[in-house]
Every structure is written in structure tokens, then in C-alpha cells.
């Protein structure tokens, strides 16, 4: 005798859910929502191949038409590899498009270098969930990013001063591809520069298939490094970033008070001024 009201409740739920999808377009996949937001920000998207993967690259107008020599190359964080730390996400793309907001504030020629299997490419043939979980910073990912960037740069040879800008896990990858492309500057923002320590302090499964930046040979001193940390960041504590920076004589750290791991928009104009100096 309880089936009927329960059934009505379910029907009401699905009706309201469907109505929300129609009226608010809230049922887009994370990749679709990210892409739509990028288009609204005025960015264009391109597909670029490497030997193993395909990549999405978002560009601002300056990167396509400017004759300037400096290019800012943004790399986003890990997105959402896991749902509630229990289930592997089908689409790991970022739910928060903060990286697009940062790039939209940047009037320097800029691109967002998409990671393999992100931004709608998670169904591609070579994409396996390990590439956004245990192997998210693997040699295969690092090499593919470097190849994709090189392929794009071949069509835009005017850019000779490269600035890598990586947020969170994107900062990890920016640090790992730096030896391959020898950028002018390496800028990281809340970056995971010691993946082993990070896994331990959060009691996460170790990233067994990934490269740990802190265990790699030191970067060339000619690369200007600035590693930015929020003092209230509990995901990547400032102490972790500081330990990495202390290995170098040429690297600097910028600590922002009252800043957590996410949402750097209010500080970005000032940070951009620092980057351009």
C-alpha cells in the first residue's frame, strides 16, 4: 500500500529533474559545460595530435594573430578524477572553469593546453581511466603534452619566449614538461610538486604510474621559476611548495595570505603583473 505514493514521488522527481535540464541546460557533461564556457569567454578550440593521444587547445585571439614573441601556456588541474574519493569519474574534466577565468584576464597571447582524455576526449581509443588517476603524471602523458605543444608551435613559430603557467595538477605537469621545452619562465599555482608526500598526508592511494617532480633532476637555472601558494591551502600546503623551492637558488615562492587552493581570480591581475616583469 506504500508503492503508489513512492511511485508518485519518483515521477515528480524525474519531472522536476527533466524540467531543470530543459530550462537551465544543467545536464551538460562536464566537458560540454567547460567548452561552452570557453566559447562564451571568446576562446577558440583546436584539436592537436601527438603520437598517442589527441589534445584540445583553447586559444585567445592574440595567440592566433599577434606577432609578439611571448606566449603564456596554461595547464589546468586534475579536474575530478574521482567522485567522492570512491568511484572513478567517467569524464575527469574540471567542473570549475577557473583556469578559463584566469586566461580571460590575460591580454598576452595565451593558450590552454588540454591534457589527454580531458575536454570531451575521454572516450578516445587510447584513453583509459588510469591516465586521470594513477598515471595522471606518467611519462606517456608528459611526452604527449610536449609533443602536442611542439606541433602547435610549429604552426606559430613567432613564439620564442614560452611561459608555462600550471594550476594544481597542471602545475605538476608544467614542471615535468619544462625540461623538454626549456621555457623562459615556469609559473605554478597551488601545484603538487611532491606527489608522494601529497598522497601520504591525504591518505590517498599512491600515484604509482606517475612521475614525482621533486625526485627529478633539477631544472636548468636559466628557467625563471615562480611557485605561488595560498597560506590557507590545505590540499597543497605551503610547506610542500617551500621544500621544493629550497632546492634551487634561482626559484622564488610567493605566498598569498587568506588564500585557499581554489579560486585565484581576485589575485590574478596582480600576479600577471609580476609574471610579466
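Here are some notes:
- Beta carbons closer than 6 Å, at least 6 apart along the sequence or on distinct chains, pair a first residue in the stretch 117-128 that is more than 13 Å from residue 94 (Cα to Cα) with a second that is part of a loop (DSSP other than H, G, I, E, B) for 126/52; 126/53; 127/117.
- Residue count, the stretch 115-138 (criterion: part of a loop (DSSP other than H, G, I, E, B), touching a strand residue (DSSP E or B) at 6+ places or on another chain (Cβ under 8 Å) and over 13 Å from residue 30 (Cβ atoms)): 4
- Residue satisfying all of: in the stretch 205-218; more than 17 Å from the chain's Cα centre (by Cα) and over 11 Å from residue 133 (Cα atoms); surrounded by the fewest Cβ atoms within 10 Å (Cβ to Cβ) among these: 217
- Filter result (surrounded by 15 or more Cβ atoms within 10 Å (Cβ to Cβ) and out of contact with any helix residue (DSSP H, G or I) (no Cβ under 9 Å at 6 or more places or on another chain)) within the stretch 152-168: 152, 168
- Residues satisfying the criterion are present in the stretch 239-248 (criterion: surrounded by 13 or more Cβ atoms within 10 Å (Cβ to Cβ), over 26 Å from residue 108 (Cβ atoms) and under 20 Å from the mean Cα position of the chain (by Cα)).
- Considering the stretch 33-85, the qualifying strands (runs of 3 or more DSSP E), each wholly inside and each with 1 or more residues that are touching a residue at least 60 places away in the same chain (Cβ under 8 Å) and within 14 Å of the chain's Cα centre (by Cα), run over 54-59, 70-75.
- Some residue of the stretch 88-111 being in a strand (DSSP E or B) and either at pLDDT below 95 or farther than 29 Å from residue 277 by Cα (or both): yes
The values are calculated or read from the model by the stated rules, or taken from the named source; none is laboratory data. Not measured: the values here are computed from a predicted model. We place every Cβ from the backbone using ideal geometry, glycine too, and count neighbours over all the protein chains shown.
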